[in-house]
Each structure stands twice: as structure tokens, then as C-alpha cells.
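Reviewing the structure listed below.
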Amino acid sequence: MKYKIFFLKLLLIFFYILPVKANFDIKASTVILQDYHSGQILYEKYPNEKIYPASMTKIMTTIIAFDLIQTGDLSLDDKFLISENAWRLSTSGYSSMFIMVGDEVSVENLLKGIIIVSGNDACVALAEGIAGSEEEFAIIMTAKAKEIGMENTNFSNSSGIGDPDNYSTVRDILKMSNYLIKTYPEFYGYYKEKEFTWDRTGGDPITQGNRNPLLYKNLGADGIKTGYLTVEKYSLASSIVKNNRRLIAVASGFNTKHDRSKESAKLHIWGLTNFDTIKIATKNENIDSLKVWLGKKEKVNVYVNENIYRTIPKAKKKYLKAKIVYDGPIAAPIKKDDQVGKLIIYYKDELISEFDLFASEDVKKVNIFSRIIKSINFLIWGDV
């Protein structure tokens, strides 16, 4: 077994993060903060506690539409006829985009009405247009939630209007937010738009602002969704991008709108100022070369098949070693994409994580005459 210590950019610096015991608190009932690239949880407070997600539900409503657009079963230009059921929500005091019965509204405008102005009427219109009824649409939403690992979630409607059967956790909302950002970058941009103007039937156009308070602060916020229910109080799923990092936070149970804005900003600032995220390896890029036995090339380049990040507490930086471990020299022939070793990360003597290494190229075996010469040299001189 060969061990090869290597350093990325001369020095591989990152820190194995144990659960953070922060002398720090957020004034909400349940909270979670994650570094998006490393996937590491930086802060949590009762993250598995049951919540009523309110308008954060709408993230899943848009995901269902994005899924259908991606498969070609739906288009942004498709139009849905507005029912009285959908229109009624615009007259009931709920947040609305103010659609009218009989309007034919494009999917894109409904999505903007949901994402930017949190229109409950737009949610029902989209749900009915896709599934025939909101009840059937909620079944699709819950199935999608299970598919992406939201283990403690059930959706009973498309908007998050109060219903004891519409529940989740901040950890599950975080999973949903990750899925949205990773899977649909081409649509995620809607979430950072600060206003939407709807040219309604029978009246002047209505311009409404995005309800996400972090969009109006100098934090680099680009989403995601607010929520409010009397029983749950104020909630927010939020994402910021700054200094080549993305942080995602979900919190519920803020007492006031002011608390939601102030405490969410405080949480993101804490994550930015107390941690660094370092990219250790890039997906499909060569990171080193390993010795080959009886091959037409003496070495084979190797790569990892995923981006590897680690998030570092700034106050506790340590130097960690990364070892490449393989049975070597590796006997030829080697085929491109063969798994030939492992990249193993240690903190002191403790294994942190390991990743498969793959050959970047084919390496053919030398002819019989060359093999004999190499074997004789090996017997005389050892590893040559």
C-alpha cells in the first residue's frame, strides 16, 4: 500500500468541524445555517422541531413547475384560466398578485406572482392548471418532498395557508432550498427580483415589492422566501452569496418582522465572519499522478468526481494532511475512469473523510520484451 502526502496550493489548510458550540443565539424557535458548498452545518437550534412553514411552502410549488418545464411538459408561455377559487384568495386579505376570474395568465407571471409577491391566488391558479385541483397538486408536492429527502414534511396546499396537515422542519426546508438552488439555477434568479408589476384586468397595474427583507441589505442576498402564520409567527428561508461563498439559513418563530430581518442578517454575518470555506479539489480536474507498473506510461493522472470543500472556523485553523492511498505501482493496463486509489483527509490521527480517485487516461501494458526487462530491473534494483 502506497501513501502519498500532497498539498493543494502548497499547503492544504482546512479544519474538521465538530458540532459548533457557539456562544451565540438567534431569537427564533428553530434555526439552521449551512455553508452551501461544503454542506456543513454551522449553527442549529432545534432543527428537527415541527413547524408550519407558511409561505416557505411556495418554494416547493415553484419546484414542481420547474420540474415540468425541465421535462418539456410545461412552458413559461403556457397560460392558465383563473378560477373563482383562485381569485377568492385575492379578496380575502391574503398576500396576492390580484388576478381576476376568467383571466388567462402565463406560467411565468404566475411564478413571479408566487416568488416575488407571495401571491396565494397565484399558487392556487398554478396548482389547478398543473394538476386539476390544489388537493392533487399537494399530493405531487409531498411526493417530491420525499424524493429529495424531506423526511418530516407533508404538504396539504400550495400556498402554506394555515393547516395542521401542512408541516415541515427547518432542516427539511433547508434540503428543499438546496435542491432549488442546485437544480434550477436558470430559474432561481426570480427569487432575487425586488419587485413585480402585474397589469391586472379592470384596473391600473399593481407593483409590489419582494417581502424578503435581506434583499434590501448589503449582504449579497439572492433569495429565498418569507413566511407568516399566527400560530408560527414569522419565518424566513434565506440565501446570501459573498466572497465566493453561499450560506443558506432557515429559521421560524421570530416574534416580529423586525426580529426576522435583524436576526437573519445577524446569523448570516456570523457565518461569514467566523468561518472560511476552502475548495480542496475540483471535480474532474487532475490532482496528482500515481506510479504505474509495466505500463507504456510511468505514471497515471488521477482525479476526484466531485468538488470537495471544507468550511473552517477562522479562530481554530489547523493544518491537515491529505494522503493519497493506493496499491502501487498500479499494474497496467489501466482504463480511463478506473478507480485506482483514495484521497484521505486526516486531522491529527483522526480520519475526517475519504474520496475515490479515478484514472484520467488509459495506460496500456508494455509488450512482452519490455515487461521482461522491467521485471529484471525490478529484481535487481527494486522499485524503478
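Can you tell which of G162, G129, G113 is assigned by TED's automatic domain parsing to the domain that holds L215, crowded, with 18+ Cβ neighbours inside 10 Å, over 24 Å from the mean Cα position of the chain (by Cα) and of a type in the set (G, A, S)?
Details: G162 fails: crowded, with 18+ Cβ neighbours inside 10 Å; G113 fails: over 24 Å from the mean Cα position of the chain (by Cα).
Residue meeting the stated conditions: G129.
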Review point. How many residues are of a type in the set (A, V, I, L, M, F, W, C), more than 19 Å from N212 (Cα to Cα) and in contact with a strand residue (DSSP E or B) (Cβ under 8 Å, 6 or more places away or on another chain) if we restrict to the stretch 79-114?
Key: 7
Practice item. Output the residues belonging to the stretch 132-159 that are crowded, with 22+ Cβ neighbours inside 10 Å, of a type outside the set (A, V, I, L, M, F, W, C) and under 19 Å from the mean Cα position of the chain (by Cα). Key: T153
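Residue-by-condition table, conditions (1) touching a residue at least 40 places away in the same chain (Cβ under 8 Å); (2) surrounded by fewer than 18 Cβ atoms within 10 Å (Cβ to Cβ):
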site: E263; (1), (2): yes, no
site: I269; (1), (2): yes, yes
site: F275; (1), (2): yes, no
site: N284; (1), (2): no, yes
site: G295; (1), (2): yes, no
site: R310; (1), (2): yes, no
site: I330; (1), (2): yes, no
Review point. Does L247 fit the bill of being touching a residue at least 24 places away in the same chain (Cβ under 8 Å), on the phi < 0 side of the Ramachandran plot, touching a strand residue (DSSP E or B) at 6+ places or on another chain (Cβ under 9 Å) and in a helix (DSSP H, G or I)?
Key: no
Review point. Is there any pair linking a residue in the stretch 93-104 that is of a type in the set (F, W, Y) to one that is outside any loop (DSSP other than H, G, I, E, B) and buried (at least 21 other Cβ atoms within 10 Å of the Cβ), with Cβ under 7 Å and at least six apart or on different chains, and which?
Key: Y94/N120; F98/W198
Study note, to complete from the structure: Conditions (1) on the phi > 0 side of the Ramachandran plot; (2) touching an Asp or Glu at 6+ places or on another chain (Cβ under 8 Å); (3) surrounded by fewer than 22 Cβ atoms within 10 Å (Cβ to Cβ) -> L76 fails only (1)
Study note, to complete from the structure: In the stretch 199-237, anything part of a strand (DSSP E or B), without any contact (Cβ under 8 Å) to a residue 40 or more places away in the chain and exposed (fewer than 14 other Cβ atoms within 10 Å of the Cβ) is listed as T207
Review point. Say we look at the stretch 176-198 and pick out the residues that are of a type in the set (V, I, T) and part of a helix (DSSP H, G or I); which of these is surrounded by the most Cβ atoms within 10 Å (Cβ to Cβ)?
Key: I181
Exercise for review: Restricting attention to the stretch 137-162, report how many residues are closer than 21 Å to A251 by Cβ and in a loop (DSSP other than H, G, I, E, B).
Suggested key: 11
Check your understanding: When you go through D259, D276 one by one, which is the residue that is touching a helix residue (DSSP H, G or I) at 6+ places or on another chain (Cβ under 7 Å), of a type in the set (D, E, K, R) and either over 20 Å from P47 (Cα atoms) or not assigned by TED's automatic domain parsing to the domain that holds I344 (or both)?
Key -> D276
Review point. K266: under 20 Å from the mean Cα position of the chain (by Cα) and not assigned by TED's automatic domain parsing to the domain that holds S353, yes or no?
Key: no
**Study point:** Matching residues in the stretch 40-62 - criterion: being touching a Phe, Trp or Tyr at 6+ places or on another chain (Cβ under 8 Å) and under 24 Å from D276 (Cα atoms)
**Key:** L42, Y43
Review point. Checking Y94 against (1) part of a helix (DSSP H, G or I); (2) under 30 Å from the mean Cα position of the chain (by Cα), which test does it fail?
Key: (1)
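The values are calculated or read from the model by the stated rules, or taken from the named source; none is laboratory data. Worth saying up front: this structure is predicted, and the values here are computed from it rather than measured. Glycine gets a Cβ as well: all are built from the backbone with ideal geometry, and neighbour counts include every protein chain shown.
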